[in-house]
Structure formats: C-alpha cells, structure tokens
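The values are calculated or read from the model by the stated rules, or taken from the named source; none is laboratory data. Computed from a predicted structure; not experimentally measured. For neighbour counting, all protein chains shown are included, and Cβ atoms are generated from backbone atoms with ideal geometry for every residue, glycine included.
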C-alpha cells in the first residue's frame, strides 16, 4: 500500500509537483527504505545500485508510470532502474536519488551578487557526482512554480534552492551533444514557451534554438608568451591597429557558405599579419538567431555561434592568432537582448532579466529588452560573462557595444517616455555601477585584457580608473574625430580652407580619454557607402584623398580601427 497521497501522485504524473525530490528517489519508511520513480512507458522496474546489484523490485501504483517499492539496501544511495515493457528493457538513472551539487557557499555568494565563478556552476556541466557520470543543470528562475529539463517536461523536474531562486538537477548517464531546453511553469500556472539555457556553452545552428550539453572546453592552451606580454605591457603605450571583421562575410567558401573557424584561421590570420594589424575585432559571435542583426541581438552570451563551427574551433582560432602575434577582441553586447520567445524575455513568466516598465525595459531603436542592471543576479550574469570570455577563450579585449544607450535613461526617448533616476536625473546610475564593476573585475583578474567603450557622448572619464571616478574602461571610441574629419574630406579642396577646424578641433580633447579612432562598420552600413565614396573628387582623386586621410589618421593621437574592406586605398 503506497504512502503517497492521490493529490501528490496526480501532481507528479502531470508534472506539477513543486518539490519532486521530497517524494521521488530513496526515502526512509517503516523498517527500511523505499524508492519511488516515475517512468512513463514502463510496465515493470527493478532498482539497481550503481554497481549493478539488484536493490528490489518496485510495484506500479499508477498506470501512467508511477512506481514504488521497498529496497533491500540499508543506506540511501543513488540508484538506476531496469525498466521493461513489451518492447524490451532499458536502464534509467534516477536523478532523485542524488544529492544537490550546489552548496551553501554558492547560495551565499549568489545571493550577495559576488559569485565570480557562475560559469562553473550554472548552465549544463558534465561532471562525476556521487559515483555516476552525467550532466548537472542549474538555472535561475525564482518566480517559477516548476522548472524541468525538457525532453519530457513531466520528468526531470528540478530542485529549487529557495534562498537564491536557482533550480538544479543532476541527470546521470547522459553525455555530450544532447539538445535541451527548460520547461517552465510561471507564477500564474501558465506553461511558458520552452527556454534556451542562459548559460549554454553551445547551441544548435539556427533556425533551431536548443542548447546543447557539452564537455568542458578541452583546448590545451600554449599561448603563454602572448598573454604574458600583454599582461606586463602598458597597453595605452603600445601600438594598436585593429581590423574589424564580420565573420560571416569577410570571405565565403566556393559554394557561398560561411567559413569554419579552421578555414578562417588559414585565411584571415595570415592576411591580418601581412597587412600590419595587431588585433582582430569580431562583430558579435555569441549565439544569435537572426543573421541580419550581425550578432547584435544575442540570445546566448556564453556560446560561440554554431554558424562557424564548435567552441573548440573558436579556441583554436584564438590560439592561432596569438601564435602569430595577433590579439582577438570580441564585440560584446551587454546593453540589451532580443525578445525571441526562447530567450531571456520574461524568462520565468515575469520580467526577470529586464525591467517590467517599458520606459526602462524596452529599447525603441532596436525593439529589444534592456537588462535590469540594478538586479544583483543580472549584474552578476553579465560580469561573469566578461570574465568567462577572458578566462575560457583567452580573448584580449571586449569592445562594449552601445554604452551611451546604457548611460542615459532618456536615450532615444521623448519627454514622458522615460523615468528619472532616484536623484531625479537622466543618468542610469545602475548601468554606471555595472560598467564600473565589470571593468574592475575584468582588469583585476585579467590585467592583459582591454575594454573599449563605444560611447558617443561627452560622458566624462569613460577611460579613467574607477577609483578616480571613471567608468574604468581602457579605451573609448573617438566618434568626434571620425565625424569631423570625414566631413572635412567630403568637401571639395577649394572649400576646405574655410573648415580647417574640422581637422584641428579634436586635438583640444584628444588626450582627455584613451581614444580609439574608429572607421567602423557603422560608417559603411545602411546605404552610407564606402569610405572611398565619401571622399571628394573623381575616382583617382578619391583614392588619393583616402590615402591622405589614412596618413592623417595614423599620425593622429589614438589607436586605430578599420572595418574590413576599408584597407583598400
């Protein structure tokens, strides 16, 4: 006779039980131990120890696949089940017979917002736990009624760590290359669209959107000389010339397909060396669903996009660049995220990663959601991501996208469309704190890595240290230089003598920040035309003007950046 109430049995079968670990798995009973398991499709099951010895047979207590039975073992331990039906037998690991993986110190630091190894704890990790190999899943969804790893949403219901709102489960006997999502029931009982893992380290190739289990990055790094040089160097006083690349269109193969990371390494790295650049800066290569976004609407901040191959392939590319003396910079997008249903938007049925009020949580320029930088867990998610790319992939820098949109609450908004800060101003104080924290942690843990702000306003001390009241960036894009000098070069020479201030004005502030002079993708997109077409004159004069302009740029204070294709002059 089962001790399980009808209500609990019904909740388990429907996948609605709030605490499946309290009833499934191994539990104490009168004069021994019992086990309960929910295995739909099974007609009979036998409990086995991890060593393969029989621990007793379980009786079916509901034809939906719910079983219960006494065990012959004396101490609680992990189990597997030999399940059978008319079609045959199969072995099932029991995740509910295993203890938690996360510990109280994880809870403490996560709740405090100071955990700097979240990428080692959250997401899907291949581990050995209590004598079995498998995958540990962990996801933050504090307002959810139920979360399960979705293959069959009624099974693999996760354990809630109430102090942090993190759900976790260790699923034994599964390995790499398994696609998965999270099935989440929101606070109102609504079943949400399946969600990809915010900490996924690998994802399916679009248009598929599932996350994929993967082993820890197995790359054996041998780039110590490169990293040691930059860690000891004063980056501000090193010659830096950046080649900005959109990985999907720099070159294609003979069939018009994207190059793999290996093919890109064979072609791009020697070319960059030959052209005299010191760094490659990739437009975002974190996973994103929509090709025309160029990667700026990312749904997977921790996963290199599957368009160009595996995470290991990207690691090999980075090391190949380092061996050639070339640094690799990632265009990083912590300002906003798309509202695709499988992504972060309303992740647990509430505005979790974003602000609920669209006056703070919706970006009118890009129709995207804005991160809630004031929430400790969101801040930690983003700070950890910056640390992740520097540590796991040995990246040399992050170019932080759309910083101006983060700093101002009224960015691209009319009166009445934004909310002032706690002091009544338009500055986003929470974003300021995030940027300072990110830079402080990144430079503190990885001194050879640089951060570059795409910041188009006159916000003071963007590239000054945090302890001096700055935002802590290493460099800032000099948008004023680019606009003024391109306007000058577009004029016919006969008129330029009246506008020499376009050339000289920038020198008044050239040393206020550590500047990068950007001739970036932004200057040639959306029908703006090439730099060549921005020059005055006929064809040969355009080329001559562009060469003269590059001479001016290379002699002007600041690091240099050219978007791919602009090197032809």
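What to note about this one:
- Residue selected from region 426-465 under the condition over 25 Å from the mean Cα position of the chain (by Cα) and at pLDDT 95 or above, by the criterion farthest from residue 322 (Cα to Cα): 426
- Selection count where residues are touching a strand residue (DSSP E or B) at 6+ places or on another chain (Cβ under 6 Å) and either farther than 23 Å from residue 474 by Cα or without any contact (Cβ under 8 Å) to a residue 12 or more places away in the chain (or both), scope region 231-271: 2
- Total residues in region 530-552 satisfying the condition of being within 34 Å of the chain's Cα centre (by Cα) and crowded, with 17+ Cβ neighbours inside 10 Å: the figure is 1.
- Residue match in region 13-21 (condition: surrounded by 21 or more Cβ atoms within 10 Å (Cβ to Cβ) and over 30 Å from residue 190 (Cα atoms)): no
- Among the criteria (1) under 16 Å from residue 106 (Cβ atoms); (2) touching a residue at least 24 places away in the same chain (Cβ under 8 Å), the one residue 162 does not fulfil is (2).
- Test for residue 408: is it touching a residue at least 40 places away in the same chain (Cβ under 8 Å) and in contact with a helix residue (DSSP H, G or I) (Cβ under 7 Å, 6 or more places away or on another chain): no
- Number of positions in region 471-529 that are within 25 Å of residue 567 (Cβ to Cβ), in a loop (DSSP other than H, G, I, E, B) and more than 31 Å from the chain's Cα centre (by Cα): 3
- For region 252-275, a residue qualifies if it is closer than 21 Å to residue 524 by Cβ and exposed (fewer than 14 other Cβ atoms within 10 Å of the Cβ), and the qualifying residues are 252, 275.
- Restricting 356, 404 to residues that are over 14 Å from residue 296 (Cα atoms) and either in a loop (DSSP other than H, G, I, E, B) or modelled with pLDDT under 95 (or both) narrows the list to 356.
- When residues in region 363-385 are screened for being modelled with pLDDT of 95 or more and out of contact with any helix residue (DSSP H, G or I) (no Cβ under 8 Å at 6 or more places or on another chain), 3 of them pass.
- With respect to the conditions (1) surrounded by fewer than 21 Cβ atoms within 10 Å (Cβ to Cβ); (2) without any contact (Cβ under 8 Å) to a residue 60 or more places away in the chain, residue 217 falls short on a single one, namely (2).
- Of all residues in region 553-569 being within 23 Å of residue 400 (Cβ to Cβ) and in contact with a helix residue (DSSP H, G or I) (Cβ under 6 Å, 6 or more places away or on another chain), the one that is surrounded by the fewest Cβ atoms within 10 Å (Cβ to Cβ): 566
- Residue check for residue 402: farther than 28 Å from residue 515 by Cβ, touching a residue at least 12 places away in the same chain (Cβ under 8 Å) and over 14 Å from the mean Cα position of the chain (by Cα): no
- Residue within region 413-423 that is outside any loop (DSSP other than H, G, I, E, B) and either assigned by TED's automatic domain parsing to the domain that holds residue 317 or within 30 Å of residue 139 (Cα to Cα) (or both) present: no
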